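Worksheet: one structure, shown below.
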Amino acid sequence: MREGKISPLPKHVAIIMDGNGRWARGRGLSRLAGHRAGADNIHRVVEWLVEYGIKYLTLWAFSTDNWIRPRREVLGLLRLMNEVIDREVTSCLENGIRLLVLGQIDELSQRLQSKIKRAIRLTRNGSRMVLSIAFNYSGRNEILDAVRKIIRDSIPAERVDEALFNDYLYTAGLPEPDLVIRTGGERRLSNFLTWQAAYSEYYFTPTLWPDFDEAEIEKALLDYSQRERRFGGLRASGGKGTGSGP
């Protein structure tokens, strides 16, 4: 276990896995080859973060915006999701990891929906980490879906506060991310966890996702450990923030 090597550690890490296409292009490979390399890296990153004692990990795998990509690439991404679900269920069960999938799942094929529901059911007792895969996900759509559900449930306006709203998000029951990492060099959230990341610390790295390894994880966690998290308050005496979120 690497837990205790760096302190404080984030409780919840969220990652925008960017750079698969550029990784492939730099090697003269197809974009799908890049996505496959990126999918293979998921397993390694999960194992490393479990070793650090990270309790919650959210990975953005497929945006609702990705449907406009070439059909061949979209179909390849959907096939990869099928493979990742099959592969990670076994790994999650062996390692005590609970698997969740966040997004508009009802828009996916019945076969993939069934696989997702089965994976969630089989791993529901995992206690070492909660691994959430954001698939067919959009932060704005998540907020709109929450608003629609609140209206359908006839919740009076005066009862709608942040706590209630959180219960209607895809991430209901999960803590907000302490650290959001984006690989690939871009410096924006791109509609990821729009509500939940309001007070997150952000870490941007030029490293492409398939190359994001244990050394890169350590750099990100070390950078986080040096931050002060005040959430609108004054600097606490003694330096570092709590590192545990609001």
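A short reminder: the numbers here are calculations on the coordinates, not readings from a lab. Here the structure is a predicted model, which is why all the values come from computation and not from measurement. Because the Cβ atoms are built from the backbone with ideal geometry, glycine has one as well, and the counts that use them run over all protein chains shown.
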Zero-based 5 Å bins, Cα pair distances in the range 1-137, whole percents:
2, 9, 19, 22, 20, 14, 9, 4, 1, 0
Normalised by the number of residues in the chain, what is the relative contact order in percent for Cα pairs under 8 Å and 6+ residues apart?
28 percent
Positive end of the charge dipole of the range 19-115 (Lys, Arg +1 and Asp, Glu -1 on Cβ, about the Cα centre): tell me which of Tyr56, Leu80, Trp23 has its Cα farthest that way.
Trp23
In whole Hz and in residue order, list the ³J(HN,Hα) couplings for the range 46-61 that follow from phi through the Karplus curve 6.51 cos²θ - 1.76 cosθ + 1.60, θ = phi - 60°; x for Gly and Pro.
4, 4, 5, 5, 4, 4, 6, x, 5, 8, 9, 9, 10, 10, 8, 9
Of Val13, Gly34, Phe204, farthest towards positive along the dipole that unit charges on Lys, Arg, Asp, Glu beta carbons give the chain
Gly34
In debye, nearest 20, what is the charge dipole magnitude of the chain about its Cα centre with +1 on Lys and Arg Cβ and -1 on Asp and Glu Cβ, if you could check?
440 debye
Cα-based Rg/(2.2 N^0.38 Å) for the chain, rounded to two decimals, is 1.02
So if R0 is 25 Å, what FRET efficiency would Ala163 and Arg230 give, r being the distance between their Cβ atoms, rounded to the nearest 0.05?
0.70
Given a Förster distance of 41 angstrom, what is the FRET efficiency for Arg188 paired with Arg87, based on the Cβ-Cβ distance and rounded to 0.05?
0.85
Quick check: pseudo-label points 7 Å beyond the Cα along Cα→Cβ at Arg79 and Ser109, how many nm apart are they?
1.0 nm
Distance in nm between label sites at Arg152 and Tyr199, each 7 Å beyond Cα in the beta-carbon direction?
3.0 nm
So what's the back-of-envelope 222 nm ellipticity for the chain, counting only DSSP H runs of four-plus at -39500 (n - 2.57) apiece and dividing by all residues, rounded to 500?
-13000 deg cm²/dmol
